[in-house]
1. Take the residues in the range 106-137 that are more than 14 Å from the chain's Cα centre (by Cα) and either among the β-branched types (Val, Ile, Thr) or at pLDDT 95 or above (or both); name whichever of them is surrounded by the fewest Cβ atoms within 10 Å (Cβ to Cβ).
2. It is to be established whether one or more residues within the range 70-85 are closer than 18 Å to residue 34 by Cα, in contact with a Ser or Thr (Cβ under 7 Å, 6 or more places away or on another chain) and either in contact (Cβ under 8 Å) with a residue 60 or more places away in the chain or of a type in the set (Asp, Glu) (or both).
3. Can you find a residue that is outside any helix (DSSP H, G or I), open to solvent by 50 Å² or more (accessible area, probe 1.4 Å), in contact with a Gly (Cβ under 7 Å, 6 or more places away or on another chain) and not aromatic (Phe, Trp, Tyr) anywhere in the range 57-64?
Amino acid sequence: MKLTGITAAAVLCATAAIANPVTPGEVQFDEYGAIEASLSGAEGDAANGAKLMVNRGKGNCVACHAVTALNDAPFHGEVGPTLDGIGEYRSAEELRGIVANAKMMFEGTVMPAFYKTSGFIRPGNGYTGKGAKEEDLTPILTAQEIEDVVAFLMTLKDS
């Protein structure tokens, strides 16, 4: 009976963590731009992360980065570095920070912040030509989608 109570408590804690993801305004970057803890409270799904990386309406990472593991997707870019082997030399915490807001680690980067909703110079309102109201902005990727992309990137190893 004691084990059942402990199991139930663990499930409730895990459910609460998933139900309450870290919002973009609450993200804590370390001094180098990494994010220690999962933004969603759950582990990422690498298969979904791969889909997001080629989804032109979401992450679209291949528009700027070459990724051999995603060769089936057309039009890999050369603006950013190749992501082959990145799971060998970057930690999940570093990758989480880079995907959420790369400018926290690389000040002059042109990579967009995928988990940010404020502090923009002038975000657009769709295709209207008008500025968006900051309170209406949503991040490009959700907390769980960030975790999914990080999980996929961690699979990219040279060996």
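The values are calculated or read from the model by the stated rules, or taken from the named source; none is laboratory data. Treat the numbers as computed from the prediction; the structure is a model and nothing was measured. Ideal geometry is used to build each Cβ from the backbone, glycine not excepted, and the neighbour counts take in all protein chains shown. Just the protein is used for accessible areas: all its heavy atoms, side chains included, with ligands, DNA and RNA removed. Shrake-Rupley method; radii C 1.70, N 1.55, O 1.52, S 1.80 Å.
1. Within the range 106-137, the subset more than 14 Å from the chain's Cα centre (by Cα) is 106-110, 118-137.
Keeping just the survivors that are either among the β-branched types (Val, Ile, Thr) or at pLDDT 95 or above (or both) gives 106, 109-110, 121, 128.
Numbers: 106: 11, 109: 14, 110: 10, 121: 5, 128: 8.
The extreme case among them is 121.
2. First, pick out the residues of the range 70-85 that are closer than 18 Å to residue 34 by Cα: 83.
Next cut, in contact with a Ser or Thr (Cβ under 7 Å, 6 or more places away or on another chain) only: none.
There is no residue in the range 70-85 that is closer than 18 Å to residue 34 by Cα, in contact with a Ser or Thr (Cβ under 7 Å, 6 or more places away or on another chain) and either in contact (Cβ under 8 Å) with a residue 60 or more places away in the chain or of a type in the set (Asp, Glu) (or both).
3. Pass one, the range 57-64, residues outside any helix (DSSP H, G or I): 57-60, 64.
Add one more test, that the residue is open to solvent by 50 Å² or more (accessible area, probe 1.4 Å), and what stays is 57-58, 64.
Next, only the ones that are in contact with a Gly (Cβ under 7 Å, 6 or more places away or on another chain) stay: 64.
Now drop any that are not not aromatic (Phe, Trp, Tyr), which leaves 64.
Yes, that holds for at least one residue.
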